[in-house]
């Protein structure tokens, strides 16, 4: 199974493409797509959607792994993230992907075995599990890789 | 200018296609798309997205009119509506539509001239403005027509 995993946002979107090679996870591609802050929210969402569509066409994943949304103090941000999420899920579905959603705690457990790990512990473990992980990338890209690891751990061996 | 207007939701989505004929608004098409409650949210969003895409292809509107989202007590509902909204806006943009957003008060002012009108006053005025409005439809369909009237009032004569 090949998974595309996303840390959704309209400001920055981390994306990873991963698959299982035998027993270990392999990182096929990862990036952090940034949008232009001078553009309107709708223009930024269009840009992200188009980028994501290109990746779906290029990498032909079987599944999307995406983080569930949780509400923070800023409702306006949450709405923008939910709108981005809707677009990504819709595009993945129309490209034949199954959609799997994970909460932040599930991701931490899948990567480190402990649901309250801090970010640095998660990132360290990612680098150990996948030595080809690029160094010095934005958090969003690591987050996407963590979601990919989670998705492969849950569903990679059953497909 | 031909406008497609939407009252977004994942449960029911009101849609109207309208245009100006001389000085008066003409209703080309309207419907209320309902989704299957037994399906998952993502399945329902995919269904709505595909329906909307068909309407964009069929009616070729120049603009999308859509209501802004506002938060109510139920955050889970708000997230689902925001996800639906993201999909509709993205699809309209990729079909060449300009996107115009209106708050509930703007819609009431455009239709009745008064920002605190109740639903029945808005619906009565819709039927007067557009005698071809179907009788006995779901509120979501009337809401979509009201958003279409607003969009044409604001932008119909400038395009």
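Each reported figure results from applying straightforward, stated rules to the coordinates on display, with no laboratory input. The model shown is predicted, which means the values in this text are computed figures rather than measured ones. When we count neighbours, we look across all protein chains shown, and the Cβ atoms used for this are built from the backbone with ideal geometry, even at glycine.
Here is how the numbers come out for the structure above:
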item: Size-normalised alpha-carbon gyration radius of the range B:41-85, reference 2.2 N^0.38 Å; result: 1.35
item: From the C-alpha gyration tensor of the range B:92-145, square roots of 5λ in Å; result: 22, 16, 9
item: Calculated diffusion of the range B:1-66, Stokes-Einstein form, Kirkwood radius summed over Cα pairs, 4 °C and 1.567 mPa s, µm²/s; result: 104
item: Copy-to-copy label separations for residue B:131, where each label sits 7 Å from Cα toward Cβ, in nm and ascending; result: 8.1
item: Folded to 0 to 90 degrees: helix A:139-151 orientation relative to chain A principal axis, Cα; result: 50
item: Per residue convex hull volume, Cα atoms of the range B:15-105, in Å³; result: 110
item: Projected-area mean, chain A, by convex hull of Cα positions, square nanometres; result: 8.9
item: Normalised convex hull volume, the range B:64-114, alpha-carbon set, Å³ per residue; result: 66
item: Chain B: angle of helix B:75-94 to the longest principal axis, Cα-based, in degrees nearest 10; result: 70
item: GNM top mover of B:107, B:81, B:137 - chain B, alpha-carbon springs below 10 Å; result: B:137
item: Position residue B:28, label points 7 Å along Cα→Cβ, spacing to each other copy in nm (shortest first, one decimal); result: 4.0
item: 0 to 90° range, to nearest 10: angle between helix A:41-59 axis and chain A longest Cα axis; result: 40
item: Rg/Rg_ref, the protein assembly as shown, where Rg_ref = 2.2 N^0.38 Å and atoms are Cα; result: 1.10
item: Copy-to-copy label separations for residue B:43, where each label sits 7 Å from Cα toward Cβ, in nm and ascending; result: 4.0
item: Alpha carbon convex hull of the range B:56-145, volume per residue in cubic angstrom; result: 120
item: Label-to-label distance, nm, for residues given as residue A:54 and residue A:120 (7 Å Cα→Cβ offset); result: 3.5
